[in-house]
1. Give just the number: which of (1) open to solvent by 30 Å² or more (accessible area, probe 1.4 Å); (2) modelled with pLDDT under 95 does residue 150 not satisfy?
2. Can you tell me which residue is farthest from residue 75 (Cα to Cα) among those in the stretch 87-97 that are open to solvent by less than 100 Å² (accessible area, probe 1.4 Å), free of Cβ contacts under 8 Å to residues at least 24 places away in the same chain and in a loop (DSSP other than H, G, I, E, B)?
3. If you scan the stretch 115-124, which residues turn out to be surrounded by fewer than 19 Cβ atoms within 10 Å (Cβ to Cβ) and under 15 Å from residue 92 (Cβ atoms)?
4. From the set of residues in the stretch 99-154 that are free of Cβ contacts under 8 Å to residues at least 24 places away in the same chain and of a type in the set (Asp, Glu), which is farthest from residue 82 (Cα to Cα)?
5. Could you tell me whether any residue of the stretch 24-44 is modelled with pLDDT of 75 or more, among the aliphatic types (A, V, I, L, M) and either open to solvent by less than 40 Å² (accessible area, probe 1.4 Å) or farther than 18 Å from residue 142 by Cβ (or both)?
6. Looking at (1) open to solvent by 60 Å² or more (accessible area, probe 1.4 Å); (2) touching a His at 6+ places or on another chain (Cβ under 8 Å); (3) charged (D, E, K, R), find the lone condition where residue 129 falls short.
7. When residues of the stretch 98-113 are filtered for being open to solvent by 60 Å² or more (accessible area, probe 1.4 Å), at pLDDT 95 or above and not basic (Lys, Arg), how many remain?
8. Which of the residues belonging to the stretch 69-85 are part of a loop (DSSP other than H, G, I, E, B), closer than 15 Å to residue 147 by Cβ and either open to solvent by less than 60 Å² (accessible area, probe 1.4 Å) or touching a Cys at 6+ places or on another chain (Cβ under 9 Å) (or both)?
Amino acid sequence: MALHCAECGFVNAEGANYCQKCGALLEPTGSGDPTTATYRIGETGDFIPVDIGAVVTNAAALVIRAGGGRAGESFAVDGERMTIGRRPDSAVFLDDVTVSRDHALLVRRGSDWYIDDCGSLNGTYINRERIDSQLLADGDELQVGKYKLTFRAR
């Protein structure tokens with residue numbers, strides 16, 4: 001059974017948790033264990049399926065929902081600190097002029113994840129509110145420049 005995205009209407013494969021076109025969370029109608037269809041973009045531009053269990057090694061992930069043609073791409077949230085920015089060596093590299101080189105920082109504080117804005121020109125937003133520092137909860141929408149990402153705690 002195919003799943004239709006409530007946000008963009010795209011028809012997704014059975015068992016998908018995220019829309020392959022816009023990255024929105026899909027609500028499964030059936031019962032059973034949900035699975036997630038996500039991918040990364042290979043060197044040739046091809047979509048390469050990724051097992052979300054392999055990505056989410058430490059119980060959290062960021063999923064791009066919109067921006068830069070990268071909807072559906074995900075990043076495992078691990079370690080103690082993760083940089084977000086336009087700098088190529090950033091853990092979450094977002095290549096667009098609306099993103100500062102050192103835009104934001106994900107920081108583990110105890111068992112929780114926080115996002116700190118690093119003085120970016122366009123600001124960092126959580127659930128459409130500009131923040132300096134914010135505790136992240138499952139499902140929070142982050143906006144960094146033109147990119148919208150969802151924080152998934154698993």
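1. (1)
2. So, considering only residues that are open to solvent by less than 100 Å² (accessible area, probe 1.4 Å), free of Cβ contacts under 8 Å to residues at least 24 places away in the same chain and in a loop (DSSP other than H, G, I, E, B), the one farthest from residue 75 (Cα to Cα) is 87.
3. First, pick out the residues of the stretch 115-124 that are surrounded by fewer than 19 Cβ atoms within 10 Å (Cβ to Cβ): 116, 118-119, 121-123.
Across the stretch 115-124, the qualifying residues are 116, 118.
4. Selected residue: 129.
5. At the first step, the residues of the stretch 24-44 found to be modelled with pLDDT of 75 or more are 24-26.
With the extra rule that they be among the aliphatic types (A, V, I, L, M), the set shrinks to 24-26.
Add one more test, that the residue is either open to solvent by less than 40 Å² (accessible area, probe 1.4 Å) or farther than 18 Å from residue 142 by Cβ (or both), and what stays is 24, 26.
Yes, some residue in the stretch 24-44 is modelled with pLDDT of 75 or more, among the aliphatic types (A, V, I, L, M) and either open to solvent by less than 40 Å² (accessible area, probe 1.4 Å) or farther than 18 Å from residue 142 by Cβ (or both).
6. Here residue 129 meets the rest and fails (2).
7. 1
8. Of the residues in the stretch 69-85, the ones part of a loop (DSSP other than H, G, I, E, B) are 69-72, 77-80.
Restricting the remaining residues to those that are closer than 15 Å to residue 147 by Cβ gives 69-72.
Those that are part of a loop (DSSP other than H, G, I, E, B), closer than 15 Å to residue 147 by Cβ and either open to solvent by less than 60 Å² (accessible area, probe 1.4 Å) or touching a Cys at 6+ places or on another chain (Cβ under 9 Å) (or both): 70, 71, 72.
The values are calculated or read from the model by the stated rules, or taken from the named source; none is laboratory data. For clarity, every value in this text was computed on a predicted model and none was experimentally measured. Reconstructed Cβ throughout: ideal geometry from the backbone, glycine too, with neighbour counts over all protein chains shown. What goes into the accessible areas is simple: the full protein's heavy atoms, side chains included, and nothing from ligands, DNA or RNA. Shrake-Rupley method; radii C 1.70, N 1.55, O 1.52, S 1.80 Å.
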